[in-house]
Amino acid sequence: MINRDRLLQKFLEYSACASESYRERDFCLLLERELDELGLTWERQEIGAQVGSDGWNLRALLPGEGEPLLFCAHMDTVSPGAGVRPVVQDGVIRTDGTTVLGGDDKAGIAASLEALRAVAEEGGPHRPAELLFTICEEVGMLGSKHADYSRLLSREAVVLDGEEVGSIVFQAAAHLELHFVILGRSAHAGISPEKGIHALKAAAECVAGIRCGHVSETGVVNVANLLCPGATNIVPERAEFDVELRSYEETELQELLRQICAHVERVCASWGARFEKSETRISRAFRLSPDAPVIRAACAAMEAQGICPALERTLGGSDLTWLSEHGIAAVNLGVGMQEVHSCKEFLRVDDLVSTAGILARMLRG
């Protein structure tokens, strides 16, 4: 049986332990003590230096019978995530409004560990439970990207990093980030502006011509970080900006990429400017069959608790991406986090308890 009071107190403790992206060390150490208390075999995956973090991934195992099931959640939070003071009122956990709560994704961690505690305390047969707690998810899923997959035993996984309880994400988008540098020519803006090539105006025209938001039913585009520092009496010779592309279809992603690059090339040619482009692949498109055993198991566990499962797809990113890249049949489950990435973030205690119950049922089969 899920211990509601224990689960709540553990979450409050986790929430109050700062772990903003790249600064997860203290929370890693706290969780190592938790894993020791649970009597689990655990290990560090020392990838911090590789991704610029003072923390590390954690992998742990609770022995059982049959095929193991992996629970994955990330340890980092967005900013402001230091000095969190969680408050519980009327069954809802919030902060004082000056920080995020960190339910994204400490709710997933708390629910995972409570599920393991409950299963171990009740005894009886259950699947082996494997844990992977990652760093730097919020800044590009870096922890799961660089995880040591040779150490993972599970071929099925549940990622605990969604909102509404009952949500089962089985499809995720391909995600590409572009960085453009527009190169013009500097000149004195007062004496001989005609000798310059205005990189900022060229970049602004590029940005203005890129359609943003939902560009189709399956794709979205965004532009950010238009930068051009410099003196006001100099025609700027360099400007830069970023573009993000997401689509459920790789073919659409590539077509959007082609169109944007062609547009930037035309604009630069009209100004006599040049451009440089770099690409960063964040994720590839992913889709798991709705009939996959891990989905059936999640649905059965939810229905047993009176929760109606809902299969969904997302244009957002999570550790689901890299688990699937390494051949693990993974889904992302909602854990009840609300208003994430804001100081209005909150979490209902009932949702936290329900999530832990779902996970425990999945382990018991």
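All of the numbers you see were taken from the coordinates with simple rules; none came from a lab. What you see is a predicted model, and the numbers here were worked out from it, not measured in a lab. So basically every Cβ, Gly included, is an ideal-geometry build from the backbone, and we count neighbours across all protein chains shown.
Averaged over every viewing direction, what's the projected area of the C-alpha convex hull for segment 174-283? Give it in nm², one decimal, please. Present the calculation step by step, with values, prior to reporting the outcome.
Numbers: hull surface 26.0 nm².
Over all viewing directions, segment 174-283 projects a mean Cα-hull area of 6.5 nm².
For segment 324-339 and segment 180-230, write down the distance between their C-alpha centroids in whole Å.
37
How much length would be gained if the chain were fully extended between V87 and E217, taking 0.36 nm per residue of separation minus their Cα-Cα distance, in nm to one decimal? Walk me through the intermediate numbers first.
Working: separation 130, 0.36 × 130 = 46.80 nm, distance 3.95 nm.
Gain on extension, V87 to E217, equals 42.8 nm.
Have a look at F11, F170, F275 and tell me which one the Gaussian network model of the chain (Cα, springs below 10 Å) gives the largest fluctuation.
F275
If each Cα of the chain is one equal point scatterer, what is log10 of I(q)/I(0) from the Debye formula at q = 0.08, 0.12 Å⁻¹?
-0.46, -0.89
Modelled label-to-label distance, E194 and K344, 7 Å Cα→beta-carbon offset: nm?
The answer from the label model is 5.4 nm.
Amide H of D161 versus every other amide H placed in the peptide plane: which residues, excluding those fewer than 5 positions away on the same chain, fall under 5 Å?
For D161, whose amide H was placed from the backbone, the distant partners under 5 Å are L333.
For the ranges 96-106, 344-354, 133-143, 149-159, what's the packing order if you count other beta-carbon atoms within 10 Å of each residue, average per peptide, and put the highest first? Intermediate results must be reported in sequence, preceding the final value.
Numbers: 96-106: 23.2, 344-354: 20.5, 133-143: 25.5, 149-159: 18.7.
So the order, starting with the most tightly packed, is 133-143, 96-106, 344-354, 149-159.
At 7 Å along Cα-to-Cβ for each site, give me the label-to-label distance between A49 and R151 in nm.
Label at A49, label at R151, 1.6 nm between them.
Taking only Cα atoms of segment 219-365, what ratio of Rg to Rh do you get with Rh as the Kirkwood inverse-distance radius? List each step's numbers first, then the result.
Details: Rg = 22.1 Å, Rh = 19.5 Å.
My calculation of the ratio gives 1.14.
Grab every C-alpha pair in segment 232-314, bin the distances at 5 angstrom width from 0 up to the longest one, and report whole percents.
Pairs per bin, as whole percents: 3, 10, 15, 14, 11, 9, 9, 7, 6, 5, 5, 4, 2, 1.
By per-residue mean of other Cβ atoms within 10 Å, what is the highest-first order of 277-286, 66-75?
Working: 277-286: 15.2, 66-75: 23.7.
By packing density, highest mean first, the sequence is 66-75, 277-286.
At 222 nm, what value in deg cm²/dmol follows for the chain if DSSP H runs of at least 4 each add -39500 (n - 2.57) and the sum is divided by all its residues, to the nearest 500? Let's see the in-between values first.
Numbers: 10 runs with 120 residues, N = 365.
The helix-only estimate for the chain comes to -10000 deg cm²/dmol at 222 nm.
Could you please report the charge total around G336, scoring K, R as +1 and D, E as -1 over all other residues with beta-carbon less than 10 angstrom from its beta-carbon? Don't jump to the answer; show the numbers that get you there.
Working: positive: R348; negative: E163, E164, D350, D351.
With Lys, Arg at +1 and Asp, Glu at -1, the net is -3.
Between beta-carbons, use under 13 Å as the cut-off and find the net charge around S53, counting Lys and Arg +1, Asp and Glu -1.
Details: positive: R23, R25, R44, K145; negative: E20, E24, D26, E46, D54, D76, E137, E138.
Surrounding charge for S53 is -4.
Using only the Cα atoms of segment 7-100, build the gyration tensor, take square roots of its eigenvalues as a ≥ b ≥ c, and label the shape rounded, prolate or oblate: rounded if a/c is under 1.5, else prolate if a/b is larger than b/c, else oblate. It would help to have the intermediate numbers written out before the result.
Details: a/c = 2.39, a/b = 1.32, b/c = 1.81.
It comes out oblate by the Cα gyration axes.
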